[in-house]
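What follows is a set of notes on a single structure, which appears directly below.
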Amino acid sequence: MYKTTRRLSQKAEQQYTLHACLAYEDKSEMSTMKESDLINTTCPTIEEARKEMANLLEAREPNYSLPQPLYNDPHMFRVDMEEIFQKEWLFVGMTSEIPTKGDYFTVEIGQNPVLVVRDDEGNVQAFHNTCRHRGSKVCLEHRGKVANLICPYHKWAYDLKGNLLFAGTEMGDAFDMKKHGLKKAHTKVGGGFIFICLAKEAPQGDDFDEYLKTMDEYMEPYDVENTKLAVESNMYEKANWKLVIENNRECYHCHGGNHPELLNTLQEWDDTNDPRAPQAFLDQYARQSAEWEAEGIPHERRDFGHHRNRIVRMPLLEGKKVMTLDGEHGCKKMLGRIKNPYLGSMRILHLPNSWNHMQSDHFIVFRVLPISAQESIVTTKWFVHKDAVEGVDYDVERLRLVWDATNDQDRVLGEDNQSGINSLAYEPGPYSESFEFGVINFLDWYSTTVQENLKKK
């Protein structure tokens, strides 16, 4: 099994996919997961699981963790996939990963392979990576560049807008090429962030378009189109996806030796209005925000969609520029029009599957995708100025050290959390309203969203 302590070469790691992650899983561990699924199945059918899930969410204690089946039951995991990951907007990557026509990357949403590509007009398109002939994957590599999208199985060819161009010579005169284009996923872009939705109809009325408009404004100083992917990592975690998000939404766990590398630069306050923050922090924020204002750098907290999306610029510890081990720049070239090295970290949250840190010289994006009831994959990507030269302007190992360590520490915490939840002794426990309000907000959003989507059926 691949762990973060087992380092791949940069080139190999950039090509590392979900399948690669699962390929490292040995047979004994896969067997254990299947047995675990059987042990934790509480409902005999998926329909009964839907009803029970709705009942559990309706009856759950406010400000408490979720009932056990919502963290480990395979049928309820399937409901999560259908009602969250197949219906809601998901972050998948950045526009600068596909800078020119024909550039693409792939991603797997559960059992749904997806292809994201830059078309002839420079627009971002997302398709189900499934040939309309017999369903084979069209693009097999994690990243690549193509003139057209050609299925390797029988050579059916599609243009970059998904239209079928060629289906061989044996389909007959009645065959209608126009009816067999690639199936699209809904796609939206804001501030260089790419979001997709697999539902037949994308969600409406959750302020998402306003969030994207604000993302354009807040990301403008970084000039995302003129950045490049420096390195990418994938971490397999034996924990339910909700536990991964819960861990991210609080820093209650940060002290006690859990994140020594991160705490060299990070201030644990959740946002600039955190009631726990001391006067020294408030004074620092007032001083630095005045500098940001003078440079036209957006920084005020913005919330959208009932805590689903949030943007806030947070100062790092006094004298620290970015999230490297010593707080000094990880890349010599600043991003976009940025001149001030002390921009702190602009934290961007998107539920259900992403958190991000935007800094003066590089930015880091995180994506969480579920694999099974007790398995998740966390993808981390580091971006730098497109003209920055590796080994001259930045060192990959130095750039990634803090978050490699932090991710692995969080993996251990998440897996231990999952193991404890699986116990007969587990029952929902109370969250701290002062230290864990981010977790409370997440579970409120999750509970409301699942219940609303279940009622739409």
**Which listed residue, of 167, 185, is over 19 Å from residue 106 (Cα atoms) and small (Gly, Ala, Ser)** = 167
**Item:** Leading residue by the ranking (nearest to the chain's Cα centre (by Cα)) among those in segment 139-156 that are crowded, with 17+ Cβ neighbours inside 10 Å and under 23 Å from residue 171 (Cα atoms)
**Value:** 139
**Request:** Please work out if residue 449 is of a type outside the set (A, V, I, L, M, F, W, C), at pLDDT 95 or above, crowded, with 18+ Cβ neighbours inside 10 Å and not assigned by TED's automatic domain parsing to the domain that holds residue 329.
**Result:** yes
**Residues of segment 172-222 classified as in a helix (DSSP H, G or I), crowded, with 16+ Cβ neighbours inside 10 Å and hydrophobic (A, V, I, L, M, F, W, C), total** = 4
**Message:** Quick check on residue 319: is it free of Cβ contacts under 8 Å to residues at least 12 places away in the same chain and either assigned to a strand (DSSP E or B) or surrounded by fewer than 21 Cβ atoms within 10 Å (Cβ to Cβ) (or both)?
**Reply:** yes
**Message:** Looking for something loosely packed, with under 13 Cβ neighbours inside 10 Å and either at pLDDT below 95 or not assigned by TED's automatic domain parsing to the domain that holds residue 244 (or both) - is there at least one such residue anywhere in segment 105-116?
**Reply:** yes
**Request:** Please give the number of the condition residue 246 fails out of (1) in the same structural domain as residue 320 (by TED's automatic domain parsing); (2) closer than 19 Å to residue 348 by Cα; (3) of a type outside the set (S, T, N, Q); (4) surrounded by fewer than 20 Cβ atoms within 10 Å (Cβ to Cβ).
**Result:** (4)
**Prompt:** Among the residues of segment 196-206, is any touching a Ser or Thr at 6+ places or on another chain (Cβ under 7 Å), under 30 Å from residue 372 (Cα atoms) and hydrophobic (A, V, I, L, M, F, W, C)?
**Reply:** yes
**Asked** So which of 245, 311 is within 17 Å of residue 357 (Cα to Cα), outside any helix (DSSP H, G or I) and within 19 Å of the chain's Cα centre (by Cα)?
**Response** 311
**Asked** Tell me, which helices (runs of 4 or more DSSP H) wholly within segment 38-125 include 2 or more residues that are of a type in the set (D, E, K, R)?
**Response** 46-59, 74-80
**Request:** Could you tell me which numbered condition residue 259 fails, if it satisfies all but one of (1) over 19 Å from the mean Cα position of the chain (by Cα); (2) part of a loop (DSSP other than H, G, I, E, B); (3) buried (at least 21 other Cβ atoms within 10 Å of the Cβ)?
**Result:** (3)
**Asked** Restricting to segment 408-435, what's the tally of residues that are touching a residue at least 40 places away in the same chain (Cβ under 8 Å), over 20 Å from residue 77 (Cα atoms) and either of a type in the set (A, V, I, L, M) or touching a strand residue (DSSP E or B) at 6+ places or on another chain (Cβ under 9 Å) (or both)?
**Response** 6
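Does residue 106 satisfy the criteria of being under 23 Å from the mean Cα position of the chain (by Cα) and closer than 20 Å to residue 372 by Cα?
Considered against the rule, which asks whether it is under 23 Å from the mean Cα position of the chain (by Cα) and closer than 20 Å to residue 372 by Cα, residue 106 comes out as yes.
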**Request:** Among the candidates 167, 185, 174, 199, single out the residue that is under 19 Å from the mean Cα position of the chain (by Cα) and more than 15 Å from residue 124 (Cα to Cα).
**Result:** 199
**Fill in**
Sole miss for residue 141 among (1) more than 30 Å from residue 208 (Cβ to Cβ); (2) without any contact (Cβ under 8 Å) to a residue 60 or more places away in the chain is condition (2)
**Message:** Checking the condition exposed (fewer than 15 other Cβ atoms within 10 Å of the Cβ) and either out of contact with any strand residue (DSSP E or B) (no Cβ under 8 Å at 6 or more places or on another chain) or not hydrophobic (A, V, I, L, M, F, W, C) (or both), which residue from 88, 82, 121 passes?
**Reply:** 121
**Prompt:** Any chance segment 374-382 includes a residue that's touching a residue at least 24 places away in the same chain (Cβ under 8 Å), in a strand (DSSP E or B), surrounded by fewer than 18 Cβ atoms within 10 Å (Cβ to Cβ) and not charged (D, E, K, R)?
**Reply:** no
**Request:** Tell me which residues, restricted to segment 126-138, are surrounded by fewer than 21 Cβ atoms within 10 Å (Cβ to Cβ) and either touching a Ser or Thr at 6+ places or on another chain (Cβ under 9 Å) or among the aliphatic types (A, V, I, L, M) (or both).
**Result:** 130, 136, 137
**Residue in segment 324-340 that is assigned by TED's automatic domain parsing to the domain that holds residue 240, more than 25 Å from residue 293 (Cβ to Cβ) and β-branched (Val, Ile, Thr) present** = yes
**Request:** Have a look at 226, 240, 234 and point out the one that is polar (S, T, N, Q), over 30 Å from residue 409 (Cα atoms) and modelled with pLDDT of 95 or more.
**Result:** 226
**Message:** Just to be sure before I move on: is residue 161 of a type in the set (Lys, Arg), assigned to a loop (DSSP other than H, G, I, E, B) and surrounded by 14 or more Cβ atoms within 10 Å (Cβ to Cβ) in the structure I sent?
**Reply:** yes
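The values are calculated or read from the model by the stated rules, or taken from the named source; none is laboratory data. In this text, all values refer to a predicted model and were calculated from it rather than measured experimentally. All Cβ positions, glycine included, derive from the backbone under ideal geometry; neighbour counts span all protein chains shown.
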